[in-house]
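> Have a look at the structure that comes next, please.
The values are calculated or read from the model by the stated rules, or taken from the named source; none is laboratory data. All values derive from a computational prediction rather than experimental measurement. Don't worry about glycine lacking a Cβ; one is built from the backbone with ideal geometry, like all the others, and counts go over all protein chains shown. Quick note on the areas: whole protein, heavy atoms, side chains included, nothing else; ligands and nucleic acids left out. Shrake-Rupley method; radii C 1.70, N 1.55, O 1.52, S 1.80 Å.
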Amino acid sequence: MAFSRADFPEDFLFGVATSAYQIEGHGFGGAGRTHWDDFASVPGNVVRAEHGGRACEHYTRWEEDLDLVRDGGFDSYRFSASWARVMPEGRGGVNAEGLDFYDRLVDGMLARGLNPALTLYHWELPSALQDLGGWRNRDIAGWFADYAEVLLRRIGDRIWSAAPLNEPWCVAWLSHFLGHHAPGLRDIRAAARAMHHVLLAHGSAVEAMRALGMGNLGAVCNFEHVAPADDSEASAAAARRHDAIINRWFVSALFNRQYPAEALEGLEPHLPVGWEKDMDHIGRPLDWFGLNYYTRKLVCAEPGPWPGLREIEGPLARTQMGWEIYPDGLSAILLRVHEGYTRGLPLVVTENGMASADAIRSGKVDDRARIAFLEDHVAAVLRARAEGVPVAGYFVWSLLDNYEWSFGYEKRFGIVHVDFQNLQRTPKASYHALARALAR
Ligand code: FCB
């Protein structure tokens, strides 16, 4: 690696991230059915209709996995808990085995000197709650706060940091407007409700966690560098709409207690009546803010209903996902979020990484493209820091090759290779390079 710990202050945090449904194996341990199990069972939604029933069998192999995090030299492990593992129906009854699992997992992190960085919801909604409308139903804020309380009464005393939801744009827009993720809706009204309710649920969970006396609470959103595909005013306006929906909606609400005008122009008719009265609840103070960053998007105008835009393919080198590699976008978004929204709050890059078609050859995985990707993005973090942005941590996505949602097991984001026949873990070259860079 072109960087080492010496390039950062002593308390800068390096971590690695995963999420529950992507690695645990939802068929184990009494977890309830989730809307991802339902979504995956409809032909055409997921590559080869793959699901998270077995995934990486982290549910039984978690000790080996935490050893890998420790031996990689990381300070922190960002993981998520599954709502349906804790409360199989989403409300009411608790699955004792599920709570025991997260209890053991957190103790396992502490025993290895790792700071547990918890996300409460990384996309698997109990099916029983989807039956009640899921993110369209305003009551989800209360259900979510109840789940937060049940889980954190048990493990909250040992959690280092917590964020209610991973990437609200994906929970709301990608899943209810674009239809690419569960529940797979393409419905402007459902999307607008979800865009608001996901923030309402964030506020309610933060309130519940504060009531339990927890500190170091944050939020995690995804960002793309957005640019117009050509010089036309129409494309510039389309890029501003895309930027408002993906990059500004959530941070504006969380930190400025308002929604951006270019997004409201299409969404306001579909928002629940009286939404303005929720903005103080949504914008309650946080202790840090997390950004997930992967790529940039070129956008042009598209005739038709709002938002009237289309993404076009750019000329830069791409990852296995087809995502353009654009490290400058990371420094730019860090600066922009700091200046316009968080104004001095510590920022954390909570996800960054790339997929590549990695294979084991003579016992080794040579993922030099990933090493270069990580080097270039860490350099972008250093540039942002040099410009005065208080970036306090950087987390690699992901520890393991895992269930990459609608792409199934085909896209490999891990710094550790997983053989999905026998679930054997093989650290890739990037893992070894990181371990050398992060050694104290
Ligand atoms: C992020 C998700 C994560 C993974 C990466 C590639 O949007 O948070 O679960 O899918 O993208």
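> Restricting to segment 271-288, name every residue that is out of contact with any Ser or Thr (no Cβ under 9 Å at 6 or more places or on another chain) and open to solvent by 40 Å² or more (accessible area, probe 1.4 Å).
Correct list: V273, E276, K277, D280, R284, P285.
> Considering every residue within segment 421-440, establish whether at least one is open to solvent by 10 Å² or more (accessible area, probe 1.4 Å) and modelled with pLDDT under 95.
Yes; the residues of segment 421-440 include at least one that is open to solvent by 10 Å² or more (accessible area, probe 1.4 Å) and modelled with pLDDT under 95.
> Quick one: how many residues across segment 376-385 are farther than 25 Å from T18 by Cβ and within 16 Å of the ligand (Cβ to nearest atom)?
Qualifying residue count for the region: 0.
> Looking at Y403, is it farther than 20 Å from R318 by Cβ, of a type in the set (S, T, Y), part of a loop (DSSP other than H, G, I, E, B) and in contact (Cβ under 8 Å) with a residue 12 or more places away in the chain?
In short, yes.
> Sticking with this structure for a sec: Residues in segment 386-394: is at least one in a loop (DSSP other than H, G, I, E, B), within 16 Å of the ligand (Cβ to nearest atom) and not β-branched (V, I, T)?
No: zero hits.
> Now, a different point. Of the residues L291, L316, L334, L330, which is of a type outside the set (D, E), more than 15 Å from the ligand (Cβ to nearest atom) and open to solvent by less than 40 Å² (accessible area, probe 1.4 Å)?
Answer to the check: L334.
> So which of G142, G156, G179, G134 ends up being surrounded by fewer than 18 Cβ atoms within 10 Å (Cβ to Cβ) and touching a residue at least 24 places away in the same chain (Cβ under 8 Å)?
Residue meeting the stated conditions: G142.
> Next up: Can you find a residue in segment 66-80 that is more than 30 Å from R383 (Cα to Cα) and aliphatic (A, V, I, L, M)?
yes
> Kindly list, by first and then second residue, each pair from a residue in segment 268-288 that is farther than 18 Å from R136 by Cα to a residue that is polar (S, T, N, Q) and open to solvent by 80 Å² or more (accessible area, probe 1.4 Å), limited to pairs with Cβ atoms under 9 Å and residues at least 6 apart or on different chains.
Close Cβ pairs (under 9 Å, with a partner that is polar (S, T, N, Q) and open to solvent by 80 Å² or more (accessible area, probe 1.4 Å)) amount to G283/Q258.
> Anything in segment 404-421 that is more than 10 Å from the ligand (Cβ to nearest atom) and farther than 21 Å from I371 by Cα? List them, or say none.
Listed by number, the residues that qualify are G408, Y409, F420, Q421.
> Among the residues of segment 220-239, is any in contact (Cβ under 8 Å) with a residue 60 or more places away in the chain, in contact with a helix residue (DSSP H, G or I) (Cβ under 9 Å, 6 or more places away or on another chain), more than 16 Å from the ligand (Cβ to nearest atom) and open to solvent by less than 10 Å² (accessible area, probe 1.4 Å)?
The answer is no; no qualifying residue exists.
> Taking helices (runs of 4 or more DSSP H) that fall entirely within segment 1-88, which contain at least 3 residues that are away from the ligand (no atom under 16 Å from the Cβ)?
Counting at least 3 such residues, we get 58-71, 83-86.
> More than 15 Å from the ligand (Cβ to nearest atom) and out of contact with any strand residue (DSSP E or B) (no Cβ under 9 Å at 6 or more places or on another chain), is that true of L99?
yes
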